[in-house]
Amino acid sequence: MDLSDILDPLNEPQRQAVCAPSGNLLVLAGAGSGKTRVLTHRIAYLIRIGEASTYNVMAVTFTNKAAREMRQRIEQILGTPLSGMWVGTFHGIAHRLLRSHWQEAKLPQTFQIIDSDDQYRLIRRSLKELDLDEKRWPPKETQWKINYHKDEGVRAGAIDVQGDLYLETFVRIYLHYEDLCQRNGLVDFAELLLRAQELWLQHPEVCRHYRDRFRHLLVDEFQDTNAIQYSWIRTLAADQSHTFVVGDDDQSIYGWRGAKVGNLQQFQRQFTEVELIRLEQNYRSTRTILTAANALIDNNGDRLGKNLWTAGEEGEPIRLYGAFNEIDEATYIVEQIERWVRGGRSRQEVAILYRSNAQSRVIEAALLQHGLPYRVYGGLRFYERAEIKDVLAYLRLCTNRDDDPSLERIINTPTRGIGGRTLDMLRDYARDHEMSLWRSAERMIAAGALTPRATAALQRFLDLIAEMSCGSEVSLEQQVDAVIKLSALGDHYKKEGREKGLSRIENMEELVSAAKSFVHGEDLEEGEEAMDDLTAFLAHAALEAGEGQAEEWEECVQLMSLHSAKGLEFPLVFIAGVEEGLFPHKRSLQEEGRLEEERRLCYVGVTRAKEELVLTYAEVRRLYGQENFSHPSRFLREIPEECVQIVRLQGVAAPISAGQKKGASFTTEAASTTSFSLGQQVTHPKFGEGTVVQSEGSGAQARLQVNFDRVGLKWLVIAYAHLQPL
Ligand code: ATP
Ligand code: MG
């Protein structure tokens with residue numbers, strides 16, 4: 001491959017970044033200016049000019065999907081398959097390290113990754129074992145607090161309690177939880193990073209090895225690194241490696257989870273001779289979308305500040321639709337997607353973004369109703385479904401008998417006559433003897449400490465797991481299949497009813513195919529060969545589930561939270577629920593600095609759109625089982641009116657409520673098939689006054705349901721009803 005293939009598709013400052021002499025470099029630039037492109041081309045460039053081999057490069061991206069795409073892209077540019085290059089998320093890379101160095105990291109070889117669900121359960125168990133009241137120590141909050149400390153790199157033992165009783169108790173919980181994880185061979189997400197950092201610090205020889213190896217470190221989305229990730233990079237880089245980071249302070253959206261946008265400045269201060277490059281040309285969005293985004297983010301103070309411009313076309317105005325309620329909102333979105341598809345465009349080009357995952361349900365229903373295939377990122381993912389977690393728990397117990405959460409999960413799923421009392425006895429024994437539930441069961445059976453019935457039931461369970469643990473003689477696929485059959489989970493779920501049971505069984509079958517197609521170690525590293533297929537598969541499942549990304553899709557509309565849309569781009573983007581209280585989220589109004597973070601999130605959302613952007617809000621919204629009236633979001637007012645076109649239903653004014661700009665001179669567009677809007681007040685010659693609550697059909701068949709003050713609900717055919725708007 002020619003060098004020109006790498007450099008030609010770049011503008012001048014991009015080229016400057018890609019070709020910069022080895023050293024430390026920060027690319028600070030706004031959305032869609034080619035940061036990720038520069039990072040990718042930089043790697044290709046380094047390899048192409050022989051400055052580095054794939055072996056010398058470590059690239060950290062935000063999701064596994066981004067990592068895969070980056071790898072493919074580089075392979076495409078270079079025209080050769082890449083091997084030995086470490087590209088992944090912080091968690092993925094830390095996991096890989098810990099697998100290779102489990103002994104130095106003081107982990108059992110069979111250690112397992114737990115997700116936030118498992119972690120929650122372990123914390124509840126810790127509280128129980130410490131006799132602490134969940135009311136005073138809400139498990140979710142405690143979990144958050146523990147993770148917060150881990151993200152800051154602070155172990156329980158390192159917290160200075162200074163005689164503070166509350167803190168002292170917290171430290172006891174944290175310690176207890178740490179012990180429990182260690183004993184069970186379990187590692188939570190935050191622990192992956194902390195352990196890996198401690199590995200550097202406590203084993204200089206390991207650290208040196210990787211420093212010598214990774215001469216080039218590259219990090220995307222640097223604005224969202226937390227304390228531990230930052231110091232991890234810093235420790236690894238020392239003064240030996242060249243660190244290339246790209247980021248955008250205006251897109252820092254994980255402050256609530258400990259990310260530190262200040263890491264951008266800290267990087268400039270702490271790393272030697274950092275070259276700063278700014279990119280200002282946006283290649284993603286139309287001029288209209290970019291103008292809106294720039295104006296919006298301009299409302300935040302304390303920015304590093306940058307100009308972002310585009311040579312692109314002005315494009316369509318941003319459409320703003322004020323819906324009567326969330327159902328109307330979803331219907332509008334779906335109609336717009338149908339229009340897009342009728343225009344010859346693909347569903348895959350469309351993304352629907354929202355602030356809260358719970359918003360997806362209504363939108364999903366509308367998509368289903370219209371037969372539009374879709375994919376939800378970050379909803380209940382495949383690996384988080386109950387039946388899948390059950391099978392995985394069996395498998396985990398097969399590789400690691402000390403995995404208590406897995407044992408607790410399936411010891412009685414399906415029911416096998418092991419009662420609550422027996423379990424309590426096991427737990428007590430485990431706590432008193434500081435051993436796992438499995439070992440306790442073995443001991444108690446041997447000591448004859450249980451009733452004959454309980455002993456028999458428990459023994460059958462232990463035998464079952466032993467039988468399932470076929471070891472390396474069989475393939476991964478056969479092993480998964482064996483677990484499903486021997487566990488009788490299929491029969492168990494059939495009892496749930498036909499449809500649901502069947503879909504669960506299908507999912508389990510899907511897991512067998514996932515196992516079949518799982519290729520362990522496309523790019524095996526030293527130490528990694530030791531990981532058997534099952535262990536690798538389980539780690540893969542845990543990491544994929546933690547990330548909240550859907551796998552491959554085909555021809556699907558994509559639904560996701562604004563947070564998970566980071567780094568992505570789509571020709572048509574909807575942002576739903578742009579209302580005060582929902583977006584900005586009401587929680588953000590109480591805490592300092594959070595409103596700015598919400599605005600950055602909105603900036604991220606707006607800048608995902610390449611060609612068309614549609615913003616919607618509802619006047620009435622039922623969410624979390626509650627109905628609320630709301631005002632359009634303040635963010636809407638921050639977008640220049642000349643960028644926006646208010647969508648109104650034909651013939652009557654759109655239901656835009658107060659809260660909007662006074663005297664707004666937005667242009668309007670007729671959109672709906674009916675000439676009345678939901679929520680509109682109307683009058684009928686016979687029934688009197690009422691409110692439009694539903695509509696269906698179009699043209700001569702168009703009907704409306706009106707809630708009349710005197711006679712209640714009535715369906716009326718518009719063509720004959722002589723309805724008048726009030
Ligand atoms: P974000 O801040 O959202 O992560 P980014 O800065 O990483 O965005 P990229 O995703 O790298 O931006 O690029 C945005 C879009 O612009 C992509 O479609 C990319 O291919 C395109 N692009 C970037 N640079 C150029 C260029 N010099 N010429 C043509 N297209 C470009
Ligand atoms: Mg990017």
Are there any pairs, at least 6 apart or on different chains, whose C-beta atoms fall under 7 Å, with the first in the stretch 1-15 and modelled with pLDDT of 95 or more and the second within 16 Å of ligand 2 (Cβ to nearest atom) and not charged (D, E, K, R), and if so, which? L10/V18; L10/H41; N11/Q281; P13/I277; P13/L279; Q14/G34; Q14/V38; Q14/L279
Being more than 20 Å from R401 (Cα to Cα) and more than 24 Å from the chain's Cα centre (by Cα) narrows it down to one of L97, L82, L107, so name that one. L82
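Would you confirm, using the coordinates I've provided, whether A430 is out of contact with any helix residue (DSSP H, G or I) (no Cβ under 9 Å at 6 or more places or on another chain) and not assigned by TED's automatic domain parsing to the domain that holds P571?
On the way: out of contact with any helix residue (DSSP H, G or I) (no Cβ under 9 Å at 6 or more places or on another chain): no; not assigned by TED's automatic domain parsing to the domain that holds P571: yes.
Considered against the rule, which asks whether it is out of contact with any helix residue (DSSP H, G or I) (no Cβ under 9 Å at 6 or more places or on another chain) and not assigned by TED's automatic domain parsing to the domain that holds P571, A430 comes out as no.
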Sort out which residues of the stretch 208-235 are in a helix (DSSP H, G or I), more than 12 Å from I93 (Cβ to Cβ) and either touching a Ser or Thr at 6+ places or on another chain (Cβ under 7 Å) or without any contact (Cβ under 8 Å) to a residue 24 or more places away in the chain (or both), and write them in order of number. R208, H209, R211, Q223, D224
All but one of (1) within 28 Å of A94 (Cβ to Cβ); (2) in contact (Cβ under 8 Å) with a residue 60 or more places away in the chain; (3) within 15 Å of ligand 1 (Cβ to nearest atom); (4) not small (G, A, S) hold for R73; which doesn't? (2)
If you go through the stretch 211-254 one residue at a time, how many are more than 19 Å from V87 (Cα to Cα), open to solvent by 20 Å² or more (accessible area, probe 1.4 Å) and either within 16 Å of ligand 1 (Cβ to nearest atom) or among the small types (G, A, S) (or both)? 3
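Of these, H95, H91, which one is in contact (Cβ under 8 Å) with a residue 12 or more places away in the chain and in contact with a Phe, Trp or Tyr (Cβ under 7 Å, 6 or more places away or on another chain)?
Values: H95 fails: in contact with a Phe, Trp or Tyr (Cβ under 7 Å, 6 or more places away or on another chain).
After ruling out the rest, the residue left standing is H91.
For the stretch 63-74, does any single residue satisfy the condition of being more than 16 Å from ligand 2 (Cβ to nearest atom) and closer than 25 Å to F267 by Cα? Before the answer, list the steps.
Of the stretch 63-74, the ones more than 16 Å from ligand 2 (Cβ to nearest atom) are none.
For the stretch 63-74, residues more than 16 Å from ligand 2 (Cβ to nearest atom) and closer than 25 Å to F267 by Cα: absent.
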Within the stretch 252-265, the count of residues that are in a helix (DSSP H, G or I) and either closer than 25 Å to L98 by Cβ or modelled with pLDDT of 95 or more (or both) comes to 2
Checking S53 against (1) within 16 Å of ligand 2 (Cβ to nearest atom); (2) surrounded by fewer than 21 Cβ atoms within 10 Å (Cβ to Cβ); (3) at pLDDT 90 or above, the condition it does not meet: (1)
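Considering the stretch 281-301 alone, what residues qualify as being more than 11 Å from ligand 1 (Cβ to nearest atom) and in a loop (DSSP other than H, G, I, E, B)? Steps first, please.
So the first thing to find is which residues in the stretch 281-301 are more than 11 Å from ligand 1 (Cβ to nearest atom), and the list is 286-292, 294-301.
Answer for the stretch 281-301, where residues must be more than 11 Å from ligand 1 (Cβ to nearest atom) and in a loop (DSSP other than H, G, I, E, B): T286, D298, N299, N300, G301.
Would you mind finding the one in R361, R347, R342 that is open to solvent by 40 Å² or more (accessible area, probe 1.4 Å), among the charged types (D, E, K, R) and farther than 22 Å from K610 by Cα?
Details: R347 fails: farther than 22 Å from K610 by Cα; R342 fails: farther than 22 Å from K610 by Cα.
After ruling out the rest, the residue left standing is R361.
Let's see how each residue does on (1) modelled with pLDDT under 95; (2) within 16 Å of ligand 1 (Cβ to nearest atom); (3) open to solvent by less than 30 Å² (accessible area, probe 1.4 Å); (4) not assigned by TED's automatic domain parsing to the domain that holds E364:
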{"site": "L568", "(1), (2), (3), (4)": "yes, yes, no, no"}
{"site": "V573", "(1), (2), (3), (4)": "no, yes, yes, no"}
{"site": "E591", "(1), (2), (3), (4)": "yes, no, no, no"}
{"site": "L601", "(1), (2), (3), (4)": "no, yes, yes, no"}
{"site": "A609", "(1), (2), (3), (4)": "no, yes, yes, no"}
The correct count of residues that are among the basic types (K, R) and within 16 Å of ligand 2 (Cβ to nearest atom) in the stretch 245-286 is 2
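Hey, does the stretch 167-176 have a residue that's open to solvent by less than 10 Å² (accessible area, probe 1.4 Å), out of contact with any Asp or Glu (no Cβ under 8 Å at 6 or more places or on another chain), within 16 Å of ligand 2 (Cβ to nearest atom) and among the aliphatic types (A, V, I, L, M)? Steps first, answer last, please.
We begin by selecting, within the stretch 167-176, every residue open to solvent by less than 10 Å² (accessible area, probe 1.4 Å); these are 170, 173-174.
This time we only want the ones that are out of contact with any Asp or Glu (no Cβ under 8 Å at 6 or more places or on another chain), so: 170, 173-174.
Now drop any that are not within 16 Å of ligand 2 (Cβ to nearest atom), which leaves none.
No: zero hits.
The values are calculated or read from the model by the stated rules, or taken from the named source; none is laboratory data. Note that the coordinates shown come from a computational prediction; the quantities given were computed from them, not determined experimentally. Cβ coordinates were reconstructed from backbone atoms using ideal geometry, including for glycine residues, and neighbour counts include every protein chain displayed. Note: areas computed on protein heavy atoms with side chains; ligands, DNA, RNA excluded. Shrake-Rupley method; radii C 1.70, N 1.55, O 1.52, S 1.80 Å.
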